[in-house]
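**Student:** Got a structure for you, questions after.
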Amino acid sequence: MNFMAWDDRAVKNTVIETVIEVKHEASMQRFVTVVDGHESVADYRISGQHIDFNHTFVPDALRGRGIAEKLVREALAWAGQEDYKIQASCWYVQRFLKVNK
């Protein structure tokens, strides 16, 4: 194997990813992240032991970078840990749950 050629390909295919820090703002019933100065959110409402993920928003400037997925993954993980019965009136969360059964 030609290691020099392999190294060249590895460098060309390197992707630098932004670290996305998601915060849970329980008092506002949402998960939020700020990337490049833009706020993205996954909102929810709790009723007893039911949680409804009702809205997800990522600004146009950030779309296609996996931010909505990161928000929803963390929100659903938290809801599962809290033993909530999950509902989704948000189309994005509905699709995420269907694809990630």
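Quick note: the coordinates plus some simple rules give every number you see, no bench work behind them. Everything numeric in this text was worked out from a predicted model, so none of it was measured.
**Student:** Please state the Cα pair-distance histogram of the range 50-101 with 10 angstrom bins from zero: what percent is in each bin?
**Tutor:** Calculated over all Cα pairs of the range 50-101, the distribution is 24, 58, 17, 1 percent.
**Student:** Under a cut-off of 20 Å between alpha-carbon atoms, report the aspartates and glutamates in cross-link reach of K23, not counting same-chain residues fewer than 8 places apart.
**Tutor:** D36, E39, D43, D52, E69, E74, E82, D83
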